[in-house]
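Structure first, commentary second.
The values are calculated or read from the model by the stated rules, or taken from the named source; none is laboratory data. What you are looking at is a predicted structure, and each value in this text was computed from that prediction instead of being measured. Surface areas here come from the heavy atoms of the whole protein model, side chains and all, with no ligands, DNA or RNA. Shrake-Rupley method; radii C 1.70, N 1.55, O 1.52, S 1.80 Å.
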Amino acid sequence: DTVIEAKKVSKWYGAFRALTDINLTVRKGERVVICGPSGSGKSTLIRCFNRLEAHQEGEITVNGIRLHSKMRDVAEVRKNVGMVFQHFNLFPHMTVLMNCMAAPMWIKGVPEAEARKLAIKFLERVHIPEQANKYPAQLSGGQQQRVAIARSLCMEPAVMLFDEPTSSLDPEMVAEVLDTMTSLARDGMTMVCVTHEMGFARSVADRVVFMDAGLIVEENKPHDFFTNP
Ligand code: ADP
Ligand code: ADP
């Protein structure tokens, strides 16, 4: 029931070593929060999990797919891994509904009627079905981020990666996105979240991983993590 397994993973950007000997296992249904200072390699690590970045040493396996330098089918990995970014990256010229339908139709070949049903289901899941026919620019930041979450869910991924999903939001919109993430966690979604939201980590995470300078320096249950000096 292992969804992500990283063994002794290292990554360099040129001569700069961004990740050093990372070992991390994420099991089905687990919620892992990664925190640590800016530049510590959090984003790089989770980007390696869906092959937005390539690691150079060690092994990463995602939902049974081994990620390696000669792999041809990156799309196969991305089908299994949903990702939500700090910036929402919605297609500006498409309605909310089409943003959600596009990947299932184009990447998975899901028929249009079925893709529409999926999109409506997951827009309801993030509590914005009434925004379906609007364009991203007509939505608040919090709503756009919830569309980005719904869009990822429409691919029915084995795991969801979140890269500081609330960092670019106005303060009053942070809670609605964290509530959506908390509700996904309650439903048993496997999640890896890079976030500075320690309240979220404390209430939702099964494990908190602390990174510094490209290393995992601590890995703990939230209770231990927050009570240790
Ligand atoms: P974090 O997510 O913890 O803020 P990152 O993974 O974004 O950290 O970055 C880790 C380090 O790698 C930083 O020093 C950053 O400047 C560097 N880095 C990230 N992306 C690149 C890149 N494409 N080229 C060179 N260096 C990079
Ligand atoms: P974000 O906080 O949205 O991840 P960043 O500023 O960390 O934004 O990174 C934006 C982009 O710039 C990423 O694609 C990252 O890989 C790249 N990047 C980050 N640091 C460096 C760096 N030192 N040199 C080159 N590219 C970098």
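In the range 105-229, Rg over Rh equals 1.02, where Rg is the alpha-carbon radius of gyration and Rh the Kirkwood radius from pairwise Cα distances.
By accessible area, using a 1.4 Å probe on protein heavy atoms only, the chain has 50% of its surface on carbon and sulfur. When every Cα-Cα distance of the range 136-196 is counted in 5 angstrom steps from zero, the calculated P(r) takes the values 4, 18, 30, 28, 14, 6, 0 percent. Using a/c under 1.5 as the rounded threshold, could you call the range 15-149 rounded, prolate or oblate? The axes a ≥ b ≥ c are square roots of the C-alpha gyration tensor eigenvalues, and prolate needs a/b larger than b/c, oblate otherwise. Verdict is prolate for the range 15-149. In summary, the lysines within cross-link reach of Lys108, defined as a Cα separation below 25 angstrom excluding same-chain residues under 8 places away, comprise Lys28, Lys70, Lys79, Lys117, Lys121, Lys134. Which whole-number percentage describes the relative contact order of the chain, with Cα contacts under 8 Å and a sequence gap of 6 or more? This gives 28 percent for the chain. At a probe radius of 1.4 angstrom, the accessible area of the range 129-204 per residue rounds to 38 square angstrom. Accessible area per residue for the range 31-106 is 45 Å², calculated with a 1.4 Å probe on protein heavy atoms, without ligands, DNA or RNA. In this structure the amide hydrogen of Ser10, modeled in the peptide plane, comes within under 5 Å of the amide hydrogens of Asp21, Ile22, Gln56, Glu57, Gly58, none closer than 5 places in sequence on its chain. Here the average projected area of the convex hull drawn through the C-alpha atoms of the chain stands at 12.7 nm².
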